[in-house]
Amino acid sequence: MSNIQDKVVIITGASSGIGEATAKELASKGAKLVLAARREERLKKLQEEIQKNGGQAIYKVTDVTSYEQMEELAD
Ligand SMILES: NC(=O)c1ccc[n+]([C@@H]2O[C@H](COP(=O)([O-])OP(=O)(O)OC[C@H]3O[C@@H](n4cnc5c(N)ncnc54)[C@H](OP(=O)(O)O)[C@@H]3O)[C@@H](O)[C@H]2O)c1
C-alpha cells in the first residue's frame, strides 16, 4: 500500500482482530487513524500503543448499528 502518509483513515471494528491489525499497519505507514468500536478500553489501549510507536490515532466509541453514532463518527 503506497501513498498513505497523512491520509485520514476511519476504521470501524478497530478494537480487535482484522481492524486492530489494519490500524497498526496503516499507522506504521503514516496514516492518521480514527479508531472506532464499542469497547473503549481496547480502543484506548490501541491508541496508546500506536502513539508510543510514533503513529497518530484518536478514537471514538461507536456502535455501527446506530445511524446517529455513525454520523457523529464521520463528523
Ligand atoms: N479473522 C479471519 O481470519 C476472518 C476471515 C474471514 C472473514 N472474517 C470476518 O471478518 C470480520 C472481522 O473478523 P475479526 O477476526 O477481525 O473479528 P473480531 O476480532 O471479533 O473483530 C470484530 C470487530 O468488530 C467490532 N464490532 C462488532 N460489532 C460492532 C458494532 N455493533 N459496532 C462497532 N463495532 C463492532 C468489534 O468491536 P467491539 O466489540 O469493541 O465493538 C471488533 O473490533 C468478521 O465478520 C469475520 O467473520 C474474519
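Values in this text are rule-based calculations from the coordinates and carry no lab data. For clarity, every value in this text was computed on a predicted model and none was experimentally measured. Note: ideal-geometry Cβ built from the backbone for every residue, glycine included; neighbour counts use all protein chains shown.
Among LYS52, LYS45, LYS32, the order by Cβ neighbours within 10 angstrom, fewest to most, reads LYS52, LYS45, LYS32. Exposure proxy for ASP63, ASP75: other Cβ atoms within 10 Å of each Cβ, ordered fewest to most, give ASP75, ASP63.
With contributions of -39500 (n - 2.57) from each DSSP H run of at least four residues, the per-residue ellipticity at 222 nm computed over the chain stands at -13500 deg cm²/dmol.
Between the amide H of GLN56 and those of LEU33, distances stay under 5 Å, these residues lying 5 or more places away or on another chain, with hydrogens modeled in the peptide plane. Residues ILE10, ILE50 in ascending order of nearby Cβ atoms (within 10 Å, fewest first): ILE10, ILE50.
Contact order for region 8-74, expressed relative to its length and based on alpha carbon pairs under 8 Å spaced 6+ residues apart, stands at 31 percent.
Subtracting the Cα-Cα distance of GLU49 and ASP63 from their residue separation scaled by 0.36 nm leaves 2.8 nm.
Which residues in region 15-30 have a backbone N closer than 13 Å to a point placed 7 Å from the Cα of ASP6 along the Cα-to-Cβ line? Residues 30 fall inside that zone. Each residue of region 27-41 is assigned a 3J(HN,Hα), and the resulting list reads 4, 5, 9, x, 6, 9, 8, 10, 8, 9, 4, 8, 8, 4, 4 Hz, derived from the Karplus form 6.51 cos²θ - 1.76 cosθ + 1.60 (θ = phi - 60°), x at Gly and Pro. When every Cα-Cα distance of region 1-43 is counted in 5 angstrom steps from zero, the calculated P(r) takes the values 6, 28, 33, 20, 10, 3, 0 percent. Based on the Stokes-Einstein relation at 37 °C and a viscosity of 0.692 mPa s, and on the Kirkwood radius from alpha carbon pairs, region 8-74 is assigned a translational diffusion coefficient of 286 µm²/s.
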